[in-house]
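Following: one structure in structure tokens, then a few remarks.
The values are calculated or read from the model by the stated rules, or taken from the named source; none is laboratory data. Because the structure is predicted, anything quoted here is derived from the model rather than measured. Positions of Cβ are generated from backbone atoms using ideal geometry, with glycine treated the same way; all protein chains shown enter the neighbour counts.
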Amino acid sequence: MPAPLLAIRGLSKSYGRVHANRSIDLTVEEGSIHAILGENGAGKSTLMKLIYGVETPDAGQVTWRGDPVRPTSPAEARKLGIGMVFQHFSLFETLTVVENIALIVPGRSAALVARIRDLGREYGLEVDPRAHVHSLSVGERQRVEIIRCLMTDPRLLILDEPTSVLPPQSVTRLFQTLRRLRDRGVSILFISHKLEEIRAICDRATILRDGAVTGTVDPRDHDATELATMMIGRDMPPPPPAKAHKPGKVALELAGLDHVPDDPFGQPLSRIALRLHEGEILGIAGVSGNGQAELARLVSGEVTLPDHRAAEVLMLGQAVGDLGAAARRDLGFAFVPEERLGRGAVPEMSLADNTLLTGHRAGLLRRGLIDRAREADYTARCIRDFDVRTPGPRTEAGALSGGNLQKFIVGREIMLQPRLLFVSQPTWGVDIGAATAIRRRLVAMRDAGAAVLVISEEIEELFEICDRIQVLNAGRLSPSMTVRDIRVEDVGRHMIGATEGGAS
Amino acid sequence: MRLGGFRLARRDRASRKLAVVAPIAALLLSIALNLALYVAMGRNPVAVFHAMLIEPVTSWSSFSEVLLKMTPLLLIAQGLAIGFRAKVINIGAEGQFILGAIFASAIPVWFPQVTGAWVWPSMIALGGIGGMLWAIVPAIWRVRLNASEILVTLMMSLIAAQLLNFLLVGPWKDPMGFNFPQSVIFPLDATLPLLFPGTRVNVALAIALIWSVVCWFHIQRSFQGYQLIVGGLAPQAAGYAGYSQSRAIWMSLLIGGLAAGLAGAAEVAGPVGQLQRSIASGYGYSAIIVAYLGGLHPVGIVFSSLLIAILYIGGDNAMVSAGLPIAAVRVFQGSLLVCYLAAITLVRFRLIREPGGLRA
């Protein structure tokens, strides 16, 4: 039997007292699509950084095609034949595709263009080499990243949560590309926490929990529940039962809102119409970049309309189009934005000080002065009730993991007891346990009579918690669909704009 | 970021211990650098060191001069720091200082025979108003037209200097002053009461210290101070929470202008005793260094203003006793700031040795 492409034995890495990786064993065969499965914080990213030479291990050994190696930089890893596509793309938006690639790959521009076209045809990664990156969709940008890796003829390609940014149709296409790569002899390490995807494409899966391997299996032989149990070490809590309820008064209404954002790269919105009642959850589905960010700012009050258009946004019985974010919050509105660091929280400030950001309304001020005791109390309750894992309230928000910070922000907003709660991308980059907890909280808010608006890319999530769904595509909002009456494919059709004229 | 075999990693929280150690380390490092420079220039480093840093604090008479110099720096820097934390960069304190001086001088210039205990407090108040008025212009331009307050405040300083010149060679020139560009000498009631007899230290030092306490309270306890800091650290978060950016700009510039105006008034009504060109001696610019050296923190600024004042007085000493050029003081101030900015990186980050990182 030939030596495996990559074999790892007893690899460990600690940061201070945190054991990010504990004695990891991993074997990747030639021509295999191998999944690394785990919750956020399970050590997936650390393991990839060790393989790709971004970090160096404390102990353990790596063999590459039978030879022991110790890559200490990405350049060395690339020389061995390891390529990596990061979750967050590293492309310059103002440059063209070929200019971006030329920054890393030597060669004349014309020759590079020809190779980009060749690779595109061969692997289904078509993209215009002369296009500027800012004009490309997320899917196309990812293709550029993959092409850039393929330029160096890798034997192993690492993809960090590649599907988290893609619409369902693009996922299918990406999978075709990955299968074709495998057939040409490129092995793939596929990092994900989406169980269904892994079962669809991978032939091996290594499951991590708390920095250690809990199993290496063929994912096609196990169903999602079994994999989930290995991943989170307990049975997944069942989704909350849908409770019968009757919607109350209208809490938010947009009636044919048009908006052209100041940002020239922003997505203009056209005839946006929605109506949300107290006691229900309305989901906005669709791929990011179709107007989600613009719509969120109009609802939150971070972008306001001129006085004469105030009535185009009705919130809790008032025309609020010209009111700012603070005035809307005073009416009983709360909001969790999609960017946590720098928008939903100030990274350099402690959790306690971040509580104050919007929580000051909950009686944390006395005559313009901060009541530190009440601030500490509010923060402590938020950390406890929403299971925020942190050394303490004095920890800076920037030091928390994405999922924990999200729990903190969601907690801070829910504790304000809003009548209208708006959450954008509630579980982006959040592990399954935390995501389930957040979803249950949103449902509990609805059951308590609040109106909840959710923007999400994850269709399964919307189907799990929403009463109704509308789809945002190219700045237009589809008609409302009642979740009980539709299937995922109906939403998918709206997401790619395949229902023009057919909507009713 | 990597440095040789080391890597910078973000701390969970800023280290309080290092927040105190870093400025001291920066001071020691810049002293070492500058002494090396003096040696290279052929001066006796021990003599220079003694003249610059020891002499100013060893006798009461020279230390009282340090306190006098420290007063305007402290007043202005505390005001500027509020704006700097909100990322509203007012570098025109010099102009606001001059306007404060001009406004305060209006009373003794127009009423040279004035008497009464109300005179000097009114002059101080007028000075604060003058400084604020001068800061209104950049505030309006920034809020309405989105013009950079950095440029506008700086240009307003140049205008203020010309306004001062115009008054001193024209309408406000002392008719009995042998044509020197100076105002009348202020009457006794138009000068600040002394704090310590036998020195020139006046009540302005007390005002500056009280002002420091107010500023400390402002950032520690007031919600408004908190909002300004949020706006500086994360403008998107301030927008998300609905904090008004225009308000932050107005508050920052007005407070900065008020503080600089107070300092300008205290200068003409204090050690100078008349309006003259030399009052514009760069306190407004040095206060920027003072604010950053003090970590934009009210307590730190008390120490940094004292340090920079010592350097001023010590630099004068060194010029006389060690033959050092005046530029040497500026080099010292500059190197101090550079060392400090490098050192504070370690307050928020720590160096980690990379086990495999020791490579060529």
inquiry  = Being part of a helix (DSSP H, G or I) and not charged (D, E, K, R) is the filter here; which residues of segment A:139-165 pass it?
reply    = A:GLY139, A:GLN142, A:VAL144, A:ILE146, A:ILE147, A:CYS149, A:LEU150, A:PRO162, A:THR163, A:SER164, A:VAL165
key: Single match in A:ARG389, A:ARG361 (criterion: in a loop (DSSP other than H, G, I, E, B), surrounded by fewer than 23 Cβ atoms within 10 Å (Cβ to Cβ), within 11 Å of chain B (Cβ to nearest Cβ) and in contact with a Lys or Arg (Cβ under 9 Å, 6 or more places away or on another chain))   = A:ARG361
task = Quick one: which residue in A:ARG309, A:ARG367, A:ARG374, A:ARG384 is of a type outside the set (Phe, Trp, Tyr) and at the interface with chain B (Cβ under 10 Å from one of its Cβ atoms)?
result = A:ARG367
key: For A:ASP322: the one exception among (1) in a loop (DSSP other than H, G, I, E, B); (2) facing another protein chain (nearest Cβ under 10 Å)   = (2)
query = Among the candidates B:ALA104, B:ALA86, B:ALA147, B:ALA160, which residue alone is out of contact with any His (no Cβ under 7 Å at 6 or more places or on another chain), buried (at least 24 other Cβ atoms within 10 Å of the Cβ) and under 25 Å from B:LEU233 (Cα atoms)?
reply = B:ALA86
task = Sort out which residues of segment A:445-504 are among the acidic types (Asp, Glu) and modelled with pLDDT of 90 or more, and write them in order of number.
result = A:ASP447, A:ASP467
query = Of the residues that make up segment B:301-308, is at least one surrounded by 21 or more Cβ atoms within 10 Å (Cβ to Cβ) and either within 14 Å of chain A (Cβ to nearest Cβ) or at pLDDT below 90 (or both)?
reply = no
query = Condition test on A:THR379, is it within 11 Å of chain B (Cβ to nearest Cβ) and assigned to a helix (DSSP H, G or I)?
reply = no
ask   = Does A:ILE36 satisfy being surrounded by 16 or more Cβ atoms within 10 Å (Cβ to Cβ) and either part of a helix (DSSP H, G or I) or of a type in the set (D, E, K, R) (or both)?
value = no
task = Among the candidates B:SER246, B:SER252, B:SER286, single out the residue that is out of contact with any Phe, Trp or Tyr (no Cβ under 7 Å at 6 or more places or on another chain), away from chain A (no Cβ under 14 Å) and modelled with pLDDT under 95.
result = B:SER286
message = I need a count of the residues in segment A:330-349 that are facing chain B (nearest Cβ under 7 Å) and not in a loop (DSSP other than H, G, I, E, B).
response = 1
